[in-house]
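Undergrad: Below is a structure I'd like to ask you about.
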Amino acid sequence: MIGWEDIYKVVVAIAPLYVALTLGYSSVKWWRIFTPEHCEAINKIVCFFTLPLFTFEFAAHFDPFKMNFKFMGADVISKLIIVTVLSLWAKLCGTKASYCWLITSFSLSTLTNALVVGVPLLKAMYGPMAVDLVVQLAVFQALVWLTVLLFVFEIRRTNNEFHINGDDHVIENDVGGNMEVGIIGRNGPTFWTLAKTVWAKLAMNPNSYACIIGITWAFLSNRWHFPMPTIVEGSILIISRAGTGTAMFSMGMFMAMQEKVIACGASLTVFGMALRFIAGPLAMAIGSIAVGLHGDVLRVAIIQMSELATLRTLRIHNPSSESKDMPLGRKCGRAENSLPKPRGRENKPRRGEGLL
């Protein structure tokens, strides 16, 4: 039975996060301290410095030789369940919009920002064991699932970013803005073209480097039992300790930049909450039971899929409400696991955008 002391521990762990979020919201919405340009600069600091070093700190200090492979297996099974159900739904609907909703629904129901909020929450509830499990899942998600999701996004964007002429040539903008011309089939770009685009975007993502370097260090240090040099660890900690606070502060600023906190409507809000708090945890529960998880590990697996405090930022569009002539990339929903990019008040949010 959950006692008042347990509830107090959770509140103590979560309250500081919402203090940072409230300060970020208030500094833009009411106090007018930061302009949109300031918000953009703060967001870049978070994305390129504090959050990657925050991720590296956790990835570098867990023991990969003691990974809970049943826990990882439960995560894989849960995602396969979600993909199967959503694919059947998309096939039955038989429209391009259904494919777009499949991507959004998968992101919302299965991908979490567990390190930012899940670590303090689950540490207060279940101790260091839960932190180890959350870090394992976060590293696995960053290295595997987000890469897969990038491929899916690029496949979807081919209808907009690739222009095919009568000779089956494609004109593509590379990462540096230069034009590349290649030969493709009439059904779209080759897998190699998509792979180059995805790897280029991964190469520009600081969190990718943080995860890869962190897991590499974890393997080496735990295999040969040598600690990280004190000067290196101190240099990382002085910035990474600000990771959680600045991430929540940035989320608060993003919320303040919108005309409405929840602008996607009641029906889409209910739909998103059902995916986050029912479909995701239910699929994880089925996967966990299937591989034989029990006790606190089972509880951690379910809770980390449904923590309220993840505050995932979503841009949800209702495909059926947009013009059929509008490009596919603008019609369908989009879920992003990275920190949001603030917009100025002069750029009003598009119809159907909101925060869940």
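The values are calculated or read from the model by the stated rules, or taken from the named source; none is laboratory data. Bear in mind that the values here come from a model prediction, so they are computed numbers and not experimental data. Every residue, glycine as well, gets a Cβ built from its backbone with ideal geometry; the counts of neighbours run over all protein chains shown. Side chains are part of the model used for accessible areas, which takes the heavy atoms of the whole protein and leaves out ligands, DNA and RNA. Shrake-Rupley method; radii C 1.70, N 1.55, O 1.52, S 1.80 Å.
Undergrad: Give the long-range amide H neighbours of Thr190: residues separated by 5 or more places, or on another chain, with amide H under 5 Å away, using H modelled in the peptide plane at 1.01 Å from N.
TA: The list, which skips near neighbours in sequence, is Gly185.
Undergrad: If you don't mind, another one. Which ³J(HN,Hα) values, rounded to whole Hz and listed in residue order, are derived for the stretch 68-79 from phi using the Karplus coefficients 6.51, -1.76 and 1.60 in 6.51 cos²θ - 1.76 cosθ + 1.60 with θ = phi - 60°, glycine and proline given as x?
TA: 8, 6, 5, 5, 5, x, 4, 5, 5, 4, 4, 5
Undergrad: Take every Cα-Cα distance within the stretch 1-144, group them into 10 Å bins from 0 onward, and report for each bin the whole-number percent of pairs it holds.
TA: 9, 26, 30, 26, 9, 0
Undergrad: Which sequence of His225, His38 reflects their accessible areas, 1.4 Å probe, from the largest down?
TA: Result of the area sort, largest leading: His225, His38.
Undergrad: Rank Glu259, Glu233 by accessible area, highest first, at a 1.4 Å probe radius?
TA: Correct descending sequence by accessible area is Glu259, Glu233.
Undergrad: Starting from the Cα gyration tensor of the stretch 65-155, take the square roots of the eigenvalues, sort them a ≥ b ≥ c, and report rounded, prolate or oblate (rounded when a/c is under 1.5, otherwise prolate if a/b is larger than b/c, else oblate).
TA: In terms of gyration-tensor shape, prolate.
Undergrad: Further question: Going by average Cβ density within 10 Å per residue, which order do the peptides 133-143, 5-15 take, highest to lowest?
TA: Answer by packing, highest mean first, reads 133-143, 5-15.
Undergrad: Please list, in order along the stretch 297-302, the HN-Hα scalar couplings obtained from phi with the Karplus expression 6.51 cos²θ - 1.76 cosθ + 1.60 (θ = phi - 60°), rounded to whole Hz, x for Gly and Pro.
TA: Coupling constants for the stretch 297-302: 5, 5, 5, 4, 4, 6 Hz.
Undergrad: Let me ask something else about it. Return the subset of Lys70/Lys91; Lys29/Lys123; Lys66/Lys123; Lys66/Lys196; Lys70/Lys123; Lys79/Lys201 for which the Cα-Cα distance in this structure is over 26 Å, preserving the input order.
TA: Violating the 26 Å limit, Cα to Cα: Lys70/Lys91; Lys29/Lys123; Lys66/Lys196.
Undergrad: Show Ser107, Ser267 ordered by accessible area, largest first, where the area counts protein heavy atoms only and the probe is 1.4 Å.
TA: Correct descending sequence by accessible area is Ser267, Ser107.
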